[in-house]
1. Pick from Leu302, Leu293: which is assigned to a helix (DSSP H, G or I), aliphatic (A, V, I, L, M) and open to solvent by 50 Å² or more (accessible area, probe 1.4 Å)?
2. Is it true that Leu197 is of a type in the set (A, V, I, L, M, F, W, C) and modelled with pLDDT under 95?
3. Output the residue which, of all residues in segment 223-236 that are assigned to a helix (DSSP H, G or I) and touching a residue at least 24 places away in the same chain (Cβ under 8 Å), is nearest to Lys204 (Cα to Cα).
4. Which residues, counting only those in segment 211-220, are modelled with pLDDT of 95 or more and crowded, with 16+ Cβ neighbours inside 10 Å?
5. I want to confirm something. Restricting to segment 1-52 and keeping residues that are of a type in the set (Val, Ile, Thr) and more than 28 Å from Arg100 (Cα to Cα), which single residue is modelled with the lowest pLDDT?
6. Given the conditions (1) open to solvent by 60 Å² or more (accessible area, probe 1.4 Å); (2) closer than 20 Å to Asp124 by Cβ, which single one is not true for Arg230?
7. For segment 20-47, give me each residue that is within 14 Å of the chain's Cα centre (by Cα) and either in a strand (DSSP E or B) or within 16 Å of Phe70 (Cβ to Cβ) (or both).
8. Going through segment 253-263 one residue at a time, which ones are without any contact (Cβ under 8 Å) to a residue 60 or more places away in the chain and open to solvent by less than 30 Å² (accessible area, probe 1.4 Å)?
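The values are calculated or read from the model by the stated rules, or taken from the named source; none is laboratory data. Just so we're clear, the structure is a prediction, and the values are computed from it rather than from any experiment. Here the Cβ positions follow ideal geometry from the backbone for every residue, glycine too, while neighbour counts run over all protein chains shown. The area values use the complete protein model at the heavy-atom level, side chains included, leaving out ligands, DNA and RNA. Shrake-Rupley method; radii C 1.70, N 1.55, O 1.52, S 1.80 Å.
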Amino acid sequence: MIVQEAPADPLSGVLGLVQARAACTVRFTAGGAWALRFSPTHVKFNVVRSGTCWILAEGSVRQLSAGSCFMVAATPFVLASAPTLQPIDASLVFEDDATRGQVGAAAETEILGGSVNFDDAQADLLLPLLPGLLLIDAEQASTTPMGWLIAQLDAEWRSNLPGARAACNDMIRLLFVQALRSQLGARTEVPSWLGGLSDPPVAKALHAIHADPARPWRLDELASLAGLSRSSFAERFARRVGMPPVSYATNWRMRVAARQLAASTTTVSAVAAQAGYLSDSAFHAAFRREIGLSPVAYRRKLRRP
């Protein structure tokens, strides 16, 4: 059997660059009157497996039922049996076991989920674009791949089989990807690469840039790929993504280089060559312009204990 590498795409590229990883898959059960306050720095993704509860976040108060999913990005929120209860800090419930928490004797409500964390150095690529609170009701989840993933997540957690914890974490990451896909068509006033993926001509250019970041892309080349005139494409790309196409291509090239500097001991000259630069000085100037530090200073900053 021949397994070919999947074609590059912007969402996969960004997830790789920000080092999106699932962690701390947990099960929480509660009964009686209870309210917990959470303060995630990155993303929490959870599924209500049984019972009901309330979520209070971003000024909204919503009731969740079995099968509902919710994603919260860097936003304080409260889960409670009733919206008027005074919450306690959730960390108190998970003091003894970071993977399991329980309030009350009865398990009237059960929630399964975890966190998705990013590399802080590149988190600005994704975290500001996520909704503070994303709710996916049970009916919507059941008609998408999320329904299957949720069932498998629950089955793996209960199985106690070797590798179950790793499988659960991977499924949380897959659920996060599905949640991101649900946002591709969402209307947003904030221009971004994520919004650009829902515009076919812009998406074609984004795919090309991410597939070959070292290429010194020109406006006419990208416009031709998008099937638009130079002026129409430039205006459309900037409106959807928030910066001109060539500027975006340069920024992405420098972000890829930044990741290489952080993750390897490759020389700066070698990273510059991989980024398509024949001159170290030109690479240094472009890197400082986009990242705010020289390549050497950037590597030193990330490796400082």
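1. Values: Leu293 fails: assigned to a helix (DSSP H, G or I).
When all the criteria are applied, what remains is Leu302.
2. Here the answer is yes, as Leu197 does meet what is asked.
3. Here is the first cut: in segment 223-236, the ones assigned to a helix (DSSP H, G or I) are 223-226, 230-236.
Those left that are additionally touching a residue at least 24 places away in the same chain (Cβ under 8 Å): 226, 233, 236.
Numbers: Ala226: 6, Phe233: 11, Arg236: 13 Å.
Looking at the filtered set, the residue picked out is Ala226.
4. Matches in segment 211-220: Trp217, Leu219.
5. Val3
6. (2)
7. The initial filter retains those residues of segment 20-47 that are within 14 Å of the chain's Cα centre (by Cα), namely 20-23, 40-45.
Scanning segment 20-47 gives Arg21, Ala22, Ala23, Pro40, His42, Val43, Lys44, Phe45.
8. Arg253, Met254, Ala257, Leu261 - these are the residues of segment 253-263 that are without any contact (Cβ under 8 Å) to a residue 60 or more places away in the chain and open to solvent by less than 30 Å² (accessible area, probe 1.4 Å).
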